[in-house]
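Input: a single structure, listed below in structure tokens.
The values are calculated or read from the model by the stated rules, or taken from the named source; none is laboratory data. It should be emphasised that the depicted structure is a prediction, and the values quoted were computed from it without experimental measurement. A quick note on method: Cβ atoms are made from the backbone with ideal geometry, for glycine too, and the neighbour counts reach across all protein chains shown.
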């Protein structure tokens with residue numbers, strides 16, 4: 001008889017303990033929900049979020065599935081509704097799946113922002129978008145031009161020549177290429193998202209184009225694939241390797257001087273911006289139709305429609321790659 | 001001569017391609033890139049040999065790509081945990097054989113159609129691996145790449161192992177009783193049974209061998225780079241089935257040999273680099289490979305209507 005009662009009291013006390021600081025201080029409570037909480041990418045996000053939360057004086061809850069589990073994300077949203085958080089910031093594992101739970105939260109007066117991966121537009125107020133296709137395409141092309149002093153032949157390795165996002169990036173790369181008249185794109189080759197195939201493609205590209213100076217990979221597995229090909233050909237430094245990818249998959253080649261730069265957004269900043277957006281939304285400072293958002297030390301960000309754009313992608317290279325472990 | 005018409009015509013096509021490259025793009029012939037490309041295809045050759053056995057037996061295994069990934073990641077995790085390579089390689093073979101045995105029990109034991117069983121296996125293994133690995137690369141310690149040898153030695157070793165294995169399997173298929181079992185089961189399982197062969201046992205063993213070869217191929221892939229991508233091996237099933245069919249192994253079983261498979265794989269593998277050298281757009285690559293496969297199947301069906309050469313049925 002006694003035990004359930006004791007347990008109930010304990011739970012109640014614990015709940016009160018959790019809730020009271022928030023109630024007492026009237027502090028904002030923001031729930032940050034990643035796709036997977038053990039993933040280095042989201043852990044890096046959290047570092048930035050913690051920093052922003054400290055600056056803003058808000059309470060930050062960080063929870064997520066241990067694997068990328070859409071159902072578990074819904075469960076956490078339900079829990080946070082019960083707990084009465086002010087804002088939920090979520091990287092949606094399943095666009096449709098999470099939206100039902102998010103709409104329910106909205107009906108309870110909880111504000112929603114998404115980051116990294118969007119939910120349905122009606123299930124959130126703003127999406128903190130890490131990078132636009134234009135931002136990615138231009139950055140890749142600019143970085144290639146910088147490494148080659150704006151002169152020479154380069155080749156591109158894609159996932160498939162027909163994939164939507166890849167075509168979109170290619171379009172912007174080609175657009176930017178016009179700025180560099182002495183650079184020439186000699187080939188675009190598919191890798192099917194396979195590192196090993198990218199390696200074969202890069203090997204053949206180098207042998208067919210003796211003047212090739214750089215290989216640009218626009219899908220992440222192709223960056224280490226191209227790097228391995230360059231290494232095996234003994235052309236490290238002579239044929240430069242850049243691409244869109246994760247620091248952890250390229251660290252070794254960057255240290256060996258095979259890969260020059262890996263481009264991705266700075267996840268820490270993504271987490272930081274997300275919390276600033278969430279807090280501004282809860283305080284009523286960020287309203288639909290807003291054109292800009294000020295986010296602490298990172299400055300002012302543009303808003304396109306309901307997308308808050310993080311902006312220029314970040315370049316990982318030998319100097320900084322060890323600071324990032326995703 | 002007529003008996004090897006198919007194999008010779010594939011070899012002829014390969015010869016024509018190589019001749020065209022010599023004339024139009026002599027840059028194709030550079031030792032280092034060719035050796036690197038050959039090394040990359042070595043694991044594929046090993047899997048193709050296994051697939052040839054399976055198809056000769058009148059079965060199919062579309063789970064080899066997923067098996068390859070599972071074996072590769074498992075071997076990679078072991079190597080990352082500093083397990084020595086002389087244990088990692090047999091372990092990869094063992095895991096492959098085990099997966100093959102599961103296929104074998106379901107197909108030979110329960111008489112389920114191999115396309116359905118291996119389709120289920122393909123999806124299950126791939127999704128299981130995705131759940132476990134989340135697409136994260138396995139980084140390997142130093143000394144795994146090229147078995148700790150120099151790059152040149154390692155590449156030659158990998159290629160030599162794959163070719164030697166093909167030759168040995170090819171000889172075994174012709175000379176050993178077990179090899180003749182494979183042809184007999186694939187030609188006519190009932191007749192084979194009446195002749196004292198056990199088709200179920202034979203089919204089961206062929207799937208075990210298929211798995212073991214896939215595991216070994218994954219190990220040969222592991223030693224080629226300092227990291228393993230969990231997605232590696234995806235699409236491998238189509239590549240090897242294409243090589244086997246182009247190489248003249250009849251999809252209806254019982255006819256074909258490994259020499260043809262070897263040449264078929266070379267032909268298909270040469271197309272992508274050849275197109276790069278000839279500066280033909282990537283869009284054409286799959287179309288050309290598809291056409292070659294279609295040609296192979298069509299010539300098979302035409303030949304299939306002609307009376308069989310008695311020597312071919314072994």
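Quick check on the stretch A:280-297. Is at least one of its residues in the same structural domain as residue A:185 (by TED's automatic domain parsing), part of a loop (DSSP other than H, G, I, E, B) and modelled with pLDDT under 95? There is no residue in the stretch A:280-297 that is in the same structural domain as residue A:185 (by TED's automatic domain parsing), part of a loop (DSSP other than H, G, I, E, B) and modelled with pLDDT under 95. Considering A:155, A:144, A:226, the condition of being in contact with a strand residue (DSSP E or B) (Cβ under 6 Å, 6 or more places away or on another chain) and more than 14 Å from chain B (Cβ to nearest Cβ) is satisfied by A:144 alone. In this structure, is residue B:201 within 21 Å of residue B:90 (Cβ to Cβ) and surrounded by fewer than 22 Cβ atoms within 10 Å (Cβ to Cβ)? In short, no. Name the single residue that is farthest from the chain's Cα centre (by Cα) among those in the stretch A:176-195 being more than 14 Å from chain B (Cβ to nearest Cβ) and within 19 Å of residue A:263 (Cα to Cα). By that ranking, first place goes to A:177.
Each row is one residue, and each column tells you yes or no for (1) touching a strand residue (DSSP E or B) at 6+ places or on another chain (Cβ under 7 Å); (2) on the phi > 0 side of the Ramachandran plot; (3) part of a loop (DSSP other than H, G, I, E, B); (4) within 12 Å of another protein chain (Cβ to nearest Cβ).
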residue	(1), (2), (3), (4)
B:249	no, no, yes, no
B:254	no, yes, yes, no
B:259	no, no, no, no
B:263	no, no, no, no
B:273	no, no, no, yes
B:280	no, no, yes, yes
B:284	no, no, no, yes
B:288	no, no, no, no
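Checked against the criterion of being within 17 Å of the chain's Cα centre (by Cα) and either away from chain A (no Cβ under 14 Å) or farther than 22 Å from residue A:193 by Cβ (or both), the stretch B:225-233 has no qualifying residue.
Which residues, taken from the stretch A:19-41, are within 12 Å of the chain's Cα centre (by Cα), modelled with pLDDT of 85 or more and surrounded by fewer than 24 Cβ atoms within 10 Å (Cβ to Cβ)? Hit for the stretch A:19-41 is A:35, nothing else. Residue B:8 satisfies every condition listed in (1) within 14 Å of another protein chain (Cβ to nearest Cβ); (2) farther than 30 Å from residue B:95 by Cα except (1).
The helices (runs of 4 or more DSSP H) found wholly in the stretch A:46-155 and carrying at least 1 residues that are more than 20 Å from the chain's Cα centre (by Cα) and modelled with pLDDT under 95 occupy A:70-83, A:95-107. If you go through the stretch B:58-81 and keep only what is within 15 Å of the chain's Cα centre (by Cα) and not in a helix (DSSP H, G or I), you end up with B:59, B:60, B:61, B:62, B:63. Hey, among the residues in the stretch A:158-175 that are surrounded by 18 or more Cβ atoms within 10 Å (Cβ to Cβ) and away from chain B (no Cβ under 13 Å), which one's farthest from residue A:216 (Cα to Cα)? By that ranking, first place goes to A:172.
Filtering the stretch A:246-265 to residues that are under 25 Å from the mean Cα position of the chain (by Cα) and within 12 Å of chain B (Cβ to nearest Cβ) leaves A:246, A:247, A:248, A:249, A:250, A:251, A:252, A:253, A:255, A:258.
Of all residues in the stretch A:196-213, count the ones that are more than 8 Å from chain B (Cβ to nearest Cβ), over 20 Å from residue A:167 (Cα atoms) and touching a helix residue (DSSP H, G or I) at 6+ places or on another chain (Cβ under 7 Å). Final tally of qualifying residues: 1. Does residue A:89 meet the test of being assigned by TED's automatic domain parsing to the domain that holds residue A:46 and out of contact with any strand residue (DSSP E or B) (no Cβ under 6 Å at 6 or more places or on another chain)? So residue A:89 does not fit the description; no. Filtering the stretch B:21-42 to residues that are without any contact (Cβ under 8 Å) to a residue 12 or more places away in the chain and part of a helix (DSSP H, G or I) leaves B:22, B:23, B:26, B:31, B:32, B:34.
Just name the residue that is nearest to the chain's Cα centre (by Cα) out of those in the stretch A:212-227 that are in a helix (DSSP H, G or I) and touching a residue at least 40 places away in the same chain (Cβ under 8 Å). Per the stated criteria, the residue is A:222.
Flag not set for residue A:243, criterion: touching a strand residue (DSSP E or B) at 6+ places or on another chain (Cβ under 7 Å), surrounded by fewer than 22 Cβ atoms within 10 Å (Cβ to Cβ) and away from chain B (no Cβ under 14 Å). Screening residue A:234 on (1) within 11 Å of another protein chain (Cβ to nearest Cβ); (2) more than 25 Å from the chain's Cα centre (by Cα); (3) not in a loop (DSSP other than H, G, I, E, B) shows it passes everything except condition (3). Considering the stretch B:38-56, and only residues there that are facing chain A (nearest Cβ under 9 Å) and under 14 Å from residue B:151 (Cβ atoms), the residue that is surrounded by the most Cβ atoms within 10 Å (Cβ to Cβ) turns out to be B:39. When each of B:164, B:106, B:125 is tested for being surrounded by fewer than 15 Cβ atoms within 10 Å (Cβ to Cβ) and either without any contact (Cβ under 8 Å) to a residue 60 or more places away in the chain or in a helix (DSSP H, G or I) (or both), the lone residue that passes is B:164.
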